[in-house]
Amino acid sequence: MRLKRKDILGLEEMSSDEIELILQTALSFKEILGRQIKKVPTLRGRSVVTLFYEPSTRTRTSFELAAKILSADTSSIAPSTSSVVKGESLKDTILTLRAMKPDLFIMRHQCSGAAHFVAKMIPEHVINAGDGMHEHPTQGLLDMLSIHEKKGKISGLTVAIVGDILHSRVARSNMWGLTKMGAKVRLVGPKTLIPPEARNLPVEVYTNLEEGLKGVDVVNVLRIQLERMKKGLLPSLREYSTMFGISKERLKAAKDDVIVLHPGPMNRGVEIMPEVADDPVCLVTEQVTNGVAVRMALLYLLLGGTEDAAAA
Amino acid sequence: MAEQRSQVMDSDELRRALTRVAHEIIEKNKGAERLALVGVRSKGVPLAERLAKLIGEIEGTKVPVGALDITLYRDDYMTRQSEVGQTEIPFDVNDRNIVLVDEVIYTGRTVRCALDALIDMGRPASIQLAVLIDRGHRELPIRPDFVGKNLPTSRKELVDVQLREIGGDDKVYILKQD
């Protein structure tokens, strides 16, 4: 089976079969990361452009390493040092870069839907590396890979996503992906940070942390996005941390073998206590490794051949 | 498409051929020290395991076995896409005498991929090639060191190796297509 789509824009539009294929492929790619010589020739001669309108360390580095391990060429564009500061529009920037004949664009943008806009405009592949408050599909996939690796399955698990659901594209991608793969999803956070439309989604909403964590297999802790917190949605960080910060004591409500995920960067002492962040239950570094594997899998599946080998 | 199937090896012949190849590998390598077998996914892996067991019994040692997935090294990657399987090499390839094991050698392109994949993992002392069936029609300058059976075929035919580890009957068939 191969992935029959041009772009990876979000997990909402993906089927469980497609997600399964991506996760299985990523598992095979993980072995390469353990080798001494981390390079395979598969995407030789293909080029990939990363275009990040928002700051990023792990996502961009992870995509670049994934492309390089597969022998693709990469160029990165940071708007702060490019023609964007001269006022070039997203459309013109894309059309200019396109004229240099890359095969795939990886982009992050502060506007929800930006990747969809670009994907519709050009015939090259587009991977959404985060669009506003909409989706961050590769984060959703790497979270699922980390869960699958530790628990051996996703179906039947209960996952609590805790924190600022309202602004979080990570929460949205996780919710779509996990529910498609048969997990139960709980959204846990203060009322002001839970989107009103949550009641129409296939999730349970909790505004009390202890109830929300009762009996869960996985806790996915979201970052409190300090840069998006200027609208008075939280009385204070200290109050948030007292009510919703994940500590060892709080985790006792969850299952004994609970695992904790965090998309990074962590605000230690705010949404997650250092005692949890540094404990083996917290998979934050495994998530980063799995991120490279997932991105390798997506590059391989998108830039690969157009025929199924089985049919050839 | 009409298809004709005829058996070219039964399970006894297959067993004897593997036993002979196991002896030849030991003879050529003067024992089983520093020897390791690597099966090419998917059917080369059970064959490598069987050969390792035979060699181990004859020499009284345990021969390590690995599995190699060559999808990422294929030269037809740009036109066809295969599922990527896992490579598992549970030993250090450096300074080992490695015997690659595959079920059928045909054009030689799979072996070329396997050589590249192995060399990316280190520098073996030597790489040798063992196949159950050599059906001819090479497109690259590659030849096996150990052959279970030479089987002259036409390009229109397919060689089907059925192994019990993967639900088969341990027999080899030729499929003729019109």
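Listed values, structure above:
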quantity	calculated
Amide hydrogen neighbours beyond the local backbone of A:Ile8, cut-off 5 Å, H modeled	A:Val126, A:Ile127, A:Asn128
For A:Ala183, distant residues with modelled amide H under 5 Å away	A:Gly156
For B:Val104, distant residues with modelled amide H under 5 Å away	B:Leu132, B:Ile133
Charged-residue dipole, Cβ positions (Lys, Arg, Asp, Glu), segment A:137-285 about Cα centre, Debye nearest 20	400
Which listed pairs, of A:Lys6/A:Lys180; B:Lys43/B:Lys171; A:Lys4/A:Lys30; A:Lys68/A:Lys150; A:Lys38/A:Lys150, have C-alpha distances above 19 Å, in listed order	A:Lys6/A:Lys180; A:Lys4/A:Lys30; A:Lys68/A:Lys150; A:Lys38/A:Lys150
Complex-versus-alone comparison for segment B:61-110, residues with a loss of 40 Å² or more in accessible area, probe 1.4 Å	B:Leu72, B:Tyr73, B:Tyr77, B:Met78, B:Thr79, B:Arg80, B:Gln81, B:Glu83, B:Val84, B:Gln86, B:Thr87
Of the GluC sites (Glu not before Pro) in segment B:1-65, those whose Cβ has at most 14 other Cβ within 10 Å and which sit in DSSP loop	B:Glu33
Mean-position separation - Cα centroids, segment B:1-74 and segment A:209-267, in angstrom	54
Cα centroid separation - segment B:153-172 against segment A:151-169, whole Å	46
Farthest positive-ward along chain B dipole, Cα basis, beta-carbon charges - from B:Gly85, B:Ser154, B:Leu35	B:Ser154
For segment A:74-88, Karplus couplings with θ = phi - 60° (6.51, -1.76, 1.60), whole Hz, Gly/Pro x	10, 10, 10, 10, 10, x, 5, 10, 10, 5, 4, 5, 7, x, 5
Which of A:Pro196, A:Ile165, A:Leu222, positive extreme of dipole for segment A:137-285 (C-beta unit charges)	A:Pro196
Under the Karplus curve 6.51 cos²θ - 1.76 cosθ + 1.60, θ = phi - 60°, whole-Hz ³J(HN,Hα) for segment A:41-51, x wherever Gly or Pro sits	x, 3, 9, 4, x, 9, 10, 10, 10, 9, 10
Kirkwood hydrodynamic radius of segment A:137-285, Cα pairs, Å	15.0
Cα-centre dipole for segment B:63-178 with unit charges at Cβ (Lys and Arg positive, Asp and Glu negative), debye to 20	440
Label-point gap, in nm, between A:Lys101 and A:Leu226 - each point 7 angstrom along Cα→Cβ	4.6
Accessible-area composition of segment A:137-285, carbon plus sulfur, in percent [1.4 Å probe]	51
Longest exposed-site-free window of chain B, the sites being trypsin sites (Lys or Arg not before Pro) in a DSSP loop that have at most 16 other C-beta atoms within 10 Å	B:63-137
Axial C-alpha extent at least 20 Å, average Kyte-Doolittle at least 0.0 - helices from chain A (DSSP)	A:16-33, A:284-303
Volume per residue of the C-alpha convex hull in the protein assembly as shown, rounded to whole Å³	180
Within straight-line cross-link reach of B:Lys53, aspartates and glutamates at Cα separation under 19 Å, skipping those fewer than 8 residues along the same chain	B:Asp12, B:Glu13, B:Glu24, B:Glu27, B:Glu33, B:Glu88, B:Asp102, B:Glu103, B:Glu165, B:Asp170
Kirkwood Rh and Cα Rg combined as Rg/Rh, chain B	0.96
Per-residue HN-Hα couplings for segment B:110-118 [Karplus 6.51, -1.76, 1.60; θ = phi - 60°; Hz; x = Gly/Pro]	4, 5, 4, 4, 5, 4, 4, 4, 5
222 nm mean residue ellipticity, helices alone, for the protein assembly as shown (DSSP H n ≥ 4; -39,500 (n - 2.57); rounded to 500)	-10000 deg cm²/dmol
Surface per residue (accessible, 1.4 Å probe) for chain A, Å²	42
DSSP beta bridge pairing in chain A, given as percent antiparallel to the nearest 5	5
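The values are calculated or read from the model by the stated rules, or taken from the named source; none is laboratory data. What you are looking at is a predicted structure, and each value in this text was computed from that prediction instead of being measured. In this analysis, Cβ positions are derived from the backbone assuming ideal geometry, glycine residues included, and neighbour counts consider all displayed protein chains. These accessible areas exclude ligands, DNA and RNA; they are computed on the full protein's heavy atoms, side chains included. Shrake-Rupley method; radii C 1.70, N 1.55, O 1.52, S 1.80 Å.
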